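Contents: one structure, followed by commentary.
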Amino acid sequence: MVSVLDRGYIRLCDDLSLRPEGSLSRTTSESLAPPLVVLARQESSHSPDVMLFAIRAITYLCEAHPRSSRFLVENDVVSVLCAPLMAIEYLDVAEECIQALEKISLDHSLECLQAGVIGYILNFLDFFSSCVQRSGISTIENICLVDDFPSDCWTQVREAVPVLCNLLNYEDQKLVEHAASSLMRIVSNVRKSSEMVDEICKHGLIHQVVRFIASSSGTKTILSQSMYTDLIWLLSQLVCSGSITASNTLFELNVSCALKDILCSYEQSQNKQPYSQMIHEVIDLLNVLLPPVSNEGEDDKEISESKERIIAHQPGLLRQFGADVLPVLVQLVNSCADLDVCYGCLSVIDKIVVHFSRSVVLVDLLKGTPLASFLAGIISWNKDPHFLMLALRIVETVIQKLPAVFLDSFMKEGIVYAINALVTPMQTSNGKMAENDENTCLCYTYSRNNQTSPSDGETCMLEENSVPTLAKHITDKYFNTATQCSEFGLTKVLQKLRNLCAILSDMVNLSTKNNSCEEESLTLILGQIMEELNGEEPLSNFEFIQSGLVTSLVDYLSNGCYRTKKVDPCDLPSHLDVVQKRFEVFSRFCLSSTSHHQKDMPLAILMEKLQRAASSLETFPVISHAFEPEENYATIPSGRPTTHPCLEVCFTKVEGEAALCDYSSDAVHVEAFTSIEAIERYMWPEVSTSRSKHDEELATESKEQPESSAPEVSVSASTSGLECSLGEHLTPSIESDIQQLIFYLDGEQLDRSLTLYQAVLQLEMKKENDLVDGPSFWDRQYKIAYGKATEQKEIHIPMDHPRNNLCISSMLFGEPPSSFEKSSPIYEILILLKILEVVNKAASHVASHERSNASADGQNNSLDNMLVTGCRVPQTEFVSIKLTEKLEQQMQESLIVSAGSMPSWWMQLMEAFPFLFSFEARSKYFQRTSHGSFEVQAHSEDNSNGRQLHISGLARKKFKVCRSRILESAAEIMSSRKCHEAILEVEYSEEVGTGLGPTMEFFTLVSQEFQKVGLGMWREDHGLLTSGDSLEVENSGFVMAPWGLFLAVVSCIESTSKRDTVF
């Protein structure tokens, strides 16, 4: 009888285990629940096997129908499953009970908590296998999700904390992570009670967590990246609870050292995305560890006083804290592109300086930190009022406590000058906070509970005109006497350099107007400027920017033509001659150095100052995607429904334009990622006068025709050009390289090479620095004016000119990319950086040219002196860390990048100034943009299983090739237009199989064919008849080239049919 029941239970378990989730009906699961619970009950079962199979069936039932757990709980299944765990008699039955409880606890955590499941699992945890231990701790993790622990259950939870803390010492990573998650949920539940938190901290929780965090920045990590982030969040919650024990323990364990290592790893990493959330938690922990600087902080008064007592009684703790984190925080603000991270770092610096102001060690702490230049960069170039208020507050604290130490440095770095400029409210971006779609107010970024934000009805904490008010207070109280010594806080070094640069610019302009050659005088002034730049007294970033040095050098190197709107083509050769000579003079100044150290070279010094200036002046925003896909009817370019983002556009004719006709007065939807060129191809047939005349002819002919034939060509009067496809227009299509129309948005001409999305962003960037394509960006109606294009003549620099061997000629004489303005300081800096990069690459050539001239003049009689050892600055020194990080951050926006619509400034920077970006960033950019629209992986937000959705903007084209004619087949494929805009797939004639394998084999075969003897492509192939090892080459059938394959030099009249086919 028992064996028959066992077989029945086995069949039931097998049937339930094979059923997919949701395949079991509600009625079936409701009917199975009561008998299974009865059979699983220990006292009613006559056989442990019956209990085992019944409990296993309960587990499978929860998997097949997740809602069946409600029916099981109603039949008291939790207490039934707990019974075998009180005193383990059958280990396999107890293990099945834990696995069943894991499923039930997902939806019924409170019932499991009240039944005492936590204690039952932990009592005999070490007796179970690793897999069951994981299930048990996972069950506890689910139970701890209860929103508020009942008072009668706190004892059970409190007794579990020591065991869970001990589990953090285990080697099983999954077990440790489940235990840590359980502790995090317990702390989150009791964080409002500092007494309960203090009791949890007594069991060594903080020691364990700090140990894990200290290992997170090492090469061998113990836990996952997300778990380290959660553990840092756990420490923040312990401190936020008001637990003095937690704060004191973290200071004593020197947690700042571990956090410093994390910040350094983030600052040095190429890919910052994995660290992003962790850095936010680190900054939050640093913020909550220190007491607020005023009564307006988030901490309660009692908690703030307790934190201050810790610092006051143990000053060494604060000294170590500041020494660890202050330098790295300053460095992070200077290089980081994340606005929230920068604001959080500045907030921590503010707290450190304020609390150290009560200590005698403030001078020692700030001695090794470039505080003055750091604050000058924020006050001078940052327009956000939150940053300005923090920076001004730090300035006031420092100058109040240590005026003799910092007044001169504040003058030199331009802080006095910048604060004086802030006094006028119109020169700040803040009266009120600007209304934006996103929560740009930073007051709530690191709020204590992260639940208050401007969207919750809160307003910005900054009062109107708070920035100019504080700036005026600081100026009147501390800087009045300082500004009387020099003009608006300008140093003597700055005034001297300004005068030299002004003289250089005036002489350049004078020589250009009079066509006089005063190169010796210009060289003398240039030498004085370079000597001042490399003088004993270092030049601050403020002095460098305000001196006008960059502008003067650009004018000098362009022979004064850089600011000239039009250069006469007849005068261009003479300008190029002058530019070449000045380039050589400038190169000698940059490369001349008495020291053998690269960092002492004038080139390296100038490059470093330009990089600092570029980092402080650049305002290239990172665009965050905020578009929710919805179906729209896109009139342009295809006239079909689409889920791609669309912009509502109203096209109007330019006033006074007689050569074009009016377009529809109604607004139309245009796919945002459509190029301006494609819009022009659509619009030209609609608005050209030839189309208008054709419509009039059709209307006249329709009136003359008899009524019987009218329906054949009748067109509704309400039909507009919007509903007509391009194929229906009888006017000839325009060529893509002939511009017929010009488009304007807000009076600015749109670049034809950009998409509509890029063009709008480019104009928005000129208006404001912080751009987010929020709801208003997509809901707004854009009025675009169109007009007839006129032929524009561009300056042509002859490539065959003997002096035109510089790649910077087009930058000096031509127009800048559309994202830049020629008068923009940042563009002038980038041009000068480009020139320095060319000088650096040509260092050995310049030195060789000088020695050759010296030898020709008889000044160098030894051949040994002809040896050139060019001292070059490493190419990596030209990389801008800040711009590279911004580009990496921008490439994380999958929708924007996958549509080939990266903001235009990134494309133009990469094209004109690629040296600004690291090799890894350039490689990633090339891979993701080489096809315009490329394949990316996006995670579906609605898919709980974490499946990946592959989005491809390229179609797949399949080609059939012949193995015996592989080169000919390849030539046919490459000459086909279809392969240029598609992903290539290959299949072979009379063979089964397609996809990646045959395609990769095709490319391998083609590469082998290229290496065959007889094509005449390679140098070694031409030398076969005279080469001594020709026999070996002929036997192999391939060209053997130990030093690599090099293309053969072929005359214009020489020709071979195979080689011509290949090329």
**Prompt:** Which whole-number percent gives the relative contact order of the stretch 879-930, counting Cα pairs below 8 Å spaced six or more residues apart?
**Reply:** 54 percent
**Asked** Each residue of the stretch 646-662 in order: what ³J(HN,Hα) in whole Hz does its phi give by Karplus 6.51 cos²θ - 1.76 cosθ + 1.60, θ = phi - 60°, with x for Gly and Pro?
**Response** 10, 10, 8, 10, 10, 8, 10, 6, 4, 4, x, 7, 9, 7, 10, 9, 6
**Request:** Lys and Arg at +1, Asp and Glu at -1: add these up for the other residues within a Cβ distance under 14 Å of LEU533 and post the number.
**Result:** -3
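Please compute the length gained on full extension between VAL38 and GLN892, using 0.36 nm multiplied by the number of residues separating them and subtracting their Cα-Cα distance.
Computed gain between VAL38 and GLN892 is 302.0 nm.
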**Complete:** For VAL649, the net charge from surrounding residues (Cβ-Cβ under 11 Å; K, R +1; D, E -1) works out to -1
**Prompt:** Points 7 angstrom from Cα along the Cβ direction at TYR90 and HIS644: gap in nanometres?
**Reply:** 6.4 nm
**Request:** Only Cα pairs under 8 Å and at least 6 apart count here; give the relative contact order of the stretch 148-253 as a rounded whole percent.
**Result:** 29 percent
**Item:** 10 Å binning of all Cα-Cα separations within the stretch 148-253, expressed as whole percents from 0 upward
**Value:** 15, 51, 30, 5, 0
**Request:** Translational diffusion coefficient, Stokes-Einstein: compute it for the stretch 956-1011 using the Kirkwood radius over C-alpha pairs as Rh, at 10 °C and 1.306 mPa s, and state it as an integer in µm² s⁻¹.
**Result:** 140 µm²/s
**Asked** When the Cα centres of the stretch 573-588 and the stretch 311-360 are compared, how far apart do they sit, in Å?
**Response** 49 Å
**Prompt:** What FRET efficiency do you get for ASP779 and ASP340 if R0 is 45 Å and r is their Cβ-Cβ distance, rounded to the nearest 0.05?
**Reply:** 0.95
**Message:** Report the gain in length on full extension from PHE919 to GLU159: 0.36 nm times residue separation, minus Cα-Cα distance, nm rounded to one decimal.
**Reply:** 268.2 nm
**Asked** Taking amide hydrogens as modeled 1.01 Å from N in the peptide plane, which residues meet the under 5 Å criterion relative to THR652, leaving out close sequence neighbours?
**Response** ILE784, ALA785, TYR786
**Request:** Would you mind giving the three semi-axes, in whole Å and largest first, of the ellipsoid equivalent to the stretch 879-930 according to its Cα gyration tensor?
**Result:** 16, 11, 10
**Prompt:** Excluding ligands, DNA and RNA, what is the solvent-accessible area per residue of the stretch 956-1011 at a probe of 1.4 Å, expressed in Å²?
**Reply:** 66 Å²
**Request:** Set the Förster distance to 51 Å, then compute FRET efficiency between SER824 and PHE1038 from the Cβ-Cβ distance, nearest 0.05.
**Result:** 0.40
**Request:** Would you pull out the residues with amide H under 5 Å of LEU741's amide H, same chain only if 5 or more places away, H placed 1.01 Å from N?
**Result:** ALA789
**Request:** Per residue of the stretch 365-376, in order, report the coupling 6.51 cos²θ - 1.76 cosθ + 1.60 (Karplus, θ = phi - 60°) as ³J(HN,Hα) in whole Hz, putting x for Gly and Pro.
**Result:** 5, 8, 5, x, 10, x, 5, 5, 5, 5, 5, 5
**Fill in**
Which residues qualify? For LEU106, with a placed amide H closer than 5 Å and at least 5 residues away or on another chain, they are none
**Message:** With the crude spin-label approximation of a point 7 Å out along Cα→Cβ, what separation in nm comes out for GLU991 versus ASP600?
**Reply:** 6.5 nm
**Complete:** chymotrypsin sites (Phe, Trp or Tyr not before Pro) in the stretch 137-240 lying in a DSSP loop, each with at most 10 other Cβ atoms within 10 Å of its Cβ, come to none
**Prompt:** Taking θ as phi - 60°, what are the ³J(HN,Hα) couplings along the stretch 63-78 by the Karplus curve (6.51, -1.76, 1.60), each to the nearest whole Hz, with x for Gly and Pro?
**Reply:** 6, 6, 9, x, 6, 5, 4, 5, 5, 5, 5, 5, 9, 6, 6, 5
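Give me the extension gain from GLN495 to LYS383: residue separation times 0.36 nm, minus the current Cα-Cα distance, reported in nm with one decimal.
Gain in length upon complete extension: 37.7 nm.
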**Prompt:** Got a sec? Which residues in the stretch 344-384 would a label at ALA404 touch, if it sits 7 Å along Cα→Cβ and we count backbone N under 14 Å?
**Reply:** 363
**Request:** Step through the table entries LYS351/LYS412; LYS367/LYS401; LYS307/LYS367; LYS260/LYS609; LYS260/LYS401; LYS886/LYS924, compare each Cα-Cα distance with 19 Å, and write down the pairs that go over it.
**Result:** LYS351/LYS412; LYS307/LYS367; LYS260/LYS609; LYS260/LYS401
**Prompt:** Where only protein heavy atoms count, and the probe is 1.4 Å, what is the accessible area per residue for the stretch 122-197 in Å²?
**Reply:** 45 Å²
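Tell me the carbon and sulfur percent of the accessible area for the stretch 956-1011, rounded to whole percent, probe radius 1.4 Å.
51 percent
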**Asked** For the stretch 62-191, what relative contact order do you get, as a whole percent, if you take Cα pairs closer than 8 Å and at least 6 residues apart?
**Response** 23 percent
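The values are calculated or read from the model by the stated rules, or taken from the named source; none is laboratory data. Since the model is a prediction, treat every value here as computed from it, not as a measurement. Cβ coordinates were reconstructed from backbone atoms using ideal geometry, including for glycine residues, and neighbour counts include every protein chain displayed. The area values use the complete protein model at the heavy-atom level, side chains included, leaving out ligands, DNA and RNA. Shrake-Rupley method; radii C 1.70, N 1.55, O 1.52, S 1.80 Å.
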